[in-house]
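Below: the structure, in structure tokens.
The values are calculated or read from the model by the stated rules, or taken from the named source; none is laboratory data. Since we're looking at a predicted model, the values are computed, not measured. All accessible areas refer to the heavy atoms of the entire protein, side chains included, with ligands and DNA or RNA removed. Shrake-Rupley method; radii C 1.70, N 1.55, O 1.52, S 1.80 Å.
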Amino acid sequence: MQRRRLGQSALELAPIMLGGNVFGWMIDEKTSFGILDAFIDAGFNAVDTSDSYARWIPGSPGGESETIIGNWLKRSGKRDKVLIATKVGEDMGEGRSLKKDYILRECEASLRRLQTDCIDLYQTHFDDEVTPPEETMQAYAALIAAGKVRAIGASNMTAARLKASLAASKKLGLPRYESLQPLYNLSDRREFETEFEPICRQEKLGVINYYSLAAGFLTGKYRSPEEGAKHPGRGGRLKRYLDARGMGILRALDTVAARHNALPAQIAIAWLIAKPIITAPIASATSLKQLDEILKAPQIKLSREEIALLDAAGA
């Protein structure tokens, strides 16, 4: 399976990254193990999680997803076959923080939960916008020097702060962010394409976008606010997609899907994979059937005409 280099790092990713946000939230450990096994056995190699998954569950301390992945790594013996990406910076009880001592402490906690001695990609989950980027990058540099982290990435920060972080690394001679994890899909395009894509191109950053299926909207399963409201986990997020523009996107997906005897979700992911700027879109699955559908997306080769049709619908 063809792999793409993540930024200027030594990490190479297969064309889909598995989202671990559902582990310990929407699916239990046993189901998560089955999905992880099937994903890696199919030749894919990268899993994304965070220390804060799934802290939004009432009473949850966070770390459920990392714990499940760690238990799977120990049981499966497949550590050498998988790149583990996790994140730091989201509120774990003390508020959002990217201070040096906080990052160093939280990294140790993630390593314990993941039952590994090294995180392949350690990412800023949310910017605290107070800590100087120099302090944050020094923390990451210390972790890389200690062999606890291989590469670093960013997510959920302004373009200005991303530039400032890259500049701080250059000025101080420190490791830099090699990737960006933005919100990006066929529907959510404006912010990434106007503010972040130029930076990623100029700095040669890898891109591993989240919400590849727009909270399930691009599966085509939800075509009215009423249908969206039936899904308790996604109803609120789905509502904003279910307008005239959204219906136009679904019609374009239906047209292209029919040509390939494929599902709309597969076409939406294939559109992302066809973008040279994208290293690997992140997609989550809550069942083996759903995973199997997602993993067929890289086999779909869209024509220029089809890409243009989809581009126009979501413009």
Using a 10 angstrom cutoff on alpha carbons, build the Gaussian network for the chain and name the most mobile of E106, E94, E193.
-> E94
Determine the alpha carbon to alpha carbon distance for each of K275/K301; K239/K296; K221/K289; K163/K204 and list only those over 19 Å.
-> K239/K296
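So what is the accessible area of the range 40-114 per residue, in Å², with the probe set to 1.4 Å?
Working: 3020 Å² over 75 residues.
Accessible surface, normalised per residue, equals 40 Å².
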Counting only residues 5 or more places away or on other chains, whose amide H sits under 5 Å from the amide H of V149 once H atoms are built in the peptide plane?
-> I119, I144
In straight Cα distance, which lysines are under 16 Å from K74, not counting same-chain residues fewer than 8 positions off?
-> K30
Per the Kirkwood formula on distinct C-alpha pairs, the Rh of the range 22-144 is how many angstrom?
-> 14.9 Å
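When the helix-only estimate is applied to the chain (DSSP H runs of n ≥ 4, each -39,500 (n - 2.57), divided by the residue count), what is the mean residue ellipticity at 222 nm, nearest 500 deg cm²/dmol? Mind dumping the intermediate values first?
Values: 12 runs with 130 residues, N = 315.
After summing the helix terms and dividing by residue count, I get -12500 deg cm²/dmol.
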Quantify, in whole percent, the carbon and sulfur part of the accessible surface of the range 57-164 (1.4 Å probe; protein heavy atoms only).
-> 52 percent
Which pairs, out of K99/K171; K87/K170; K99/K148, put more than 29 Å between their alpha-carbon atoms?
-> none
What is the Å³ per residue value for the convex hull set by the Cα atoms of the range 255-315?
-> 89 Å³
For the chain, what relative contact order do you get, as a whole percent, if you take Cα pairs closer than 8 Å and at least 6 residues apart?
-> 18 percent
With all protein chains present, calculate the accessible area of L114 using a 1.4 Å probe and round the result to the nearest 10 Å².
-> 0 Å²
